[in-house]
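Here's the structure we're looking at; comments come further down.
The values are calculated or read from the model by the stated rules, or taken from the named source; none is laboratory data. This one's a predicted model, so the numbers in the text were calculated from it and none came from an experiment. Glycine gets a Cβ as well: all are built from the backbone with ideal geometry, and neighbour counts include every protein chain shown. Quick note on the areas: whole protein, heavy atoms, side chains included, nothing else; ligands and nucleic acids left out. Shrake-Rupley method; radii C 1.70, N 1.55, O 1.52, S 1.80 Å.
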Amino acid sequence: MSARPNILIILVDQLTGTLFPDGPAPFLHTPNLRRLADHALRFQNCYTASPLAAPAQATILSGQLPRRTRVYDNAAGFASDIPTYAHHLRRAGYYTAVSGRLHGIGPNPSHGFEDRLTGDTDPAECRWPPDYRKPVGRGDCWYHSLASVAYAGVTDIANPCDHNDTVALHAVQKLTSLLRGGDPRPWCLTVSFSQPKNPFVAHRTYWDLYDGAPEREPPEAIVPDAQDPHSQRLMAACDRQSFDITPDHVRRARQAYFANLSHVDALIGEVFSVLDATGQDAIVIFLSDQGQMLGDRGLWFAMNFFDPAARVPLMISAPDLPPGLVTAPVSTVDVTPTVAALAGVTISEVMPWTDGVNLLPMARGGTGSMVAMEYAGEASLGPMVALREGAWKYIRCAADPELLFDLASDPGERTNLVDDSRAALILDHFRKAADARWDLPRFDAEVRESQARRRVVHEALHSGAPLA
């Protein structure tokens, strides 16, 4: 390896960490990710900083929580003056490039990357602004719908699948060029796939791998009237009332999801093959931006803090990093400080405004810290926040009842312990921690101001002459 290591970051979309308890679950046909897991530091309890794509990806890139980036939802711009790991590494002499989606909205799509090898998959405009005044409104182009579940199945052509093929092709071409030695600089290549998320349609080759798999069976649902208020709003916002989702719909959607993960794994194998063929070493980081409920509790997609939506895989393979399993909670907000540490690059100038921490000490037995999550997107009445520490998870929104779960005894998060006297001290601990971290009324005012501005822009841009 060069004085500074090459770094390959592989990012996927809506891959739930519940399928990666210690690398990929045994039933998954993912030989390349299994091979990576054998040589990686594996984080069993990594949580997304925000269970929605644009806020999650901005957090991964910057090491800042959504309130600090102001990327509250999928229609919020990611400011070009926020340093990302691409900025930090490029400043230190790295070549930085990305193949695939960044989900960055705004006039500057590069965010520190010297090259963007593909286009993005989402509109670079204020197209999807949520509205706290209408939490279950679907707008004019709402993208989360149970139609994805109702019409799950096999396809020959699907935009996400084809886009991922293009992402892998450009990544392979760029790696081949870099590893031929034309550029003496160390490199950091980010490869960002837009699956296994919905739509739940998959190519036959990968679909057939899961025929008859027991994991296709519908997970335990909760009847709508017994759901917490936010989950009830999510179900309405995803248009549950328009679809009669049957157990067979659920099986087909889950099978397509597993199949799309296998497709992505095959593409990751193509990227790995370039490293193998040239004998080059590189640090490899694999993670997802957010999870996916997959029918658990009757919910789909993410947009909540329950483990299937909020927990994501994170694996880091580096020559000097011993493989092993870390069970302490960590966050995707920790990626940027960790990438900087792996590269030997300082980010001290912005650390006072960075929410993440370097995870490398945990490889040597270090303990984790309390993990914070924020959600300010669709179906909420105001900002939602969560804390995970030890076996406990605490969820707060000013508009909804508090939630407190002991994941050691209740991994399905079915029993809210807020009113259980035996958990009173734990609840008090989390309340004080949340009070110290967040000013929720001010957070709420900031989001509402942003939503109002973007509604005006959205309506203006969709009046008169069509957008170019």
| Principal axis box of the stretch 223-306, alpha-carbon based, largest edge first, Å | 57, 26, 16
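Using the Cβ atoms and a cut-off under 15 Å, what net charge is assigned to the surroundings of Ala372, where Lys and Arg are +1 and Asp and Glu are -1?
Net charge in that neighbourhood comes out at +3.
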| remark: extent check for the chain: Cα max minus min per principal axis, descending, whole Å, gives 60, 55, 49
| request: Report relative contact order for the chain in percent, whole number only (criteria: Cα-Cα under 8 Å, sequence separation at least 6). | output: 26
| field | Within straight-line cross-link reach of Lys393, aspartates and glutamates at Cα separation under 17 Å, skipping those fewer than 8 residues along the same chain | value | Asp228, Asp307, Glu374, Glu402, Asp406, Asp410, Glu413, Asp419, Asp420, Asp428, Asp435
| Each residue of the stretch 152-164 in order: what ³J(HN,Hα) in whole Hz does its phi give by Karplus 6.51 cos²θ - 1.76 cosθ + 1.60, θ = phi - 60°, with x for Gly and Pro? | 5, x, 9, 9, 8, 10, 8, 4, x, 4, 5, 4, 5
| task | Leaving ligands, DNA and RNA out of it, report the carbon-plus-sulfur percent of the accessible area of the stretch 316-468 at a 1.4 Å probe. | result | 57
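How much length is gained on full extension from Glu217 to Asp419, taking 0.36 nm per residue of separation minus their Cα-Cα distance?
That works out to 69.4 nm of additional length.
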| request: Could you estimate the translational diffusion coefficient of the stretch 138-257 from the Stokes-Einstein equation, with Rh from the Kirkwood formula over C-alpha pairs, at 10 °C and 1.306 mPa s, in whole µm²/s? | output: 92
| field | Distance (nanometres) between label positions extended 7 Å along Cα→Cβ at Glu449 and Thr278 | value | 4.7
| note | Cα-based Rg/(2.2 N^0.38 Å) for the stretch 392-447, rounded to two decimals, is 1.22
| query | Using the eigenvalues of the Cα gyration tensor, what equivalent ellipsoid semi-axes result for the stretch 429-468 when each is taken as the square root of five times the eigenvalue, whole Å, largest first? | reply | 37, 8, 5
| Which percent of the accessible heavy-atom area of the stretch 79-119 goes to carbon and sulfur, probe 1.4 angstrom? | 49
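Under a 1.4 Å probe, what is the accessible area of the stretch 213-270 per residue, stated in Å²?
Spelled out: the 1.4 Å probe surface of the stretch 213-270, per residue, equals 41 Å².
Based only on Cα atoms, what Rg/Rh ratio does the stretch 315-447 have, Rh being taken as Kirkwood's radius?
My calculation of the ratio gives 1.01.
Trp392: net charge of surrounding residues, Cβ under 14 Å, Lys/Arg +1, Asp/Glu -1, itself excluded?
After counting each charged neighbour, the total is -2.
Between Ser409 and Asp248, what is the FRET efficiency for a Förster distance of 35 Å, r being their Cβ-Cβ separation, to the nearest 0.05?
Approximately 0.60, to the nearest 0.05.
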| Gap in Å between the Cα centre of the stretch 411-468 and the Cα centre of the stretch 1-64? | 25
| Solvent-accessible heavy-atom area per residue, rounded to whole Å², over the stretch 66-107 at 1.4 Å | 31
| task | Would you mind listing how long the stretch 1-112 runs along its three principal axes, going by Cα atoms, in whole Å with the largest first? | result | 43, 37, 21
| query | Taking the inverse of the average 1/r across all pairs of different Cα atoms in the stretch 172-320, what Kirkwood radius in Å do you get? | reply | 17.9
| Which of the peptides 217-223, 458-464, 170-176, 90-96 is most tightly packed, and how do the rest follow, going by the mean number of other Cβ atoms within 10 Å of each residue? | 170-176, 90-96, 217-223, 458-464
| message | How large a share of the accessible area of the stretch 216-283, in percent, is made up of carbon and sulfur atoms when the probe is 1.4 Å and the other protein chains stay in place? | response | 46
| the stretch 331-399 - convex hull of the alpha-carbon atoms, volume per residue in Å³ | 110
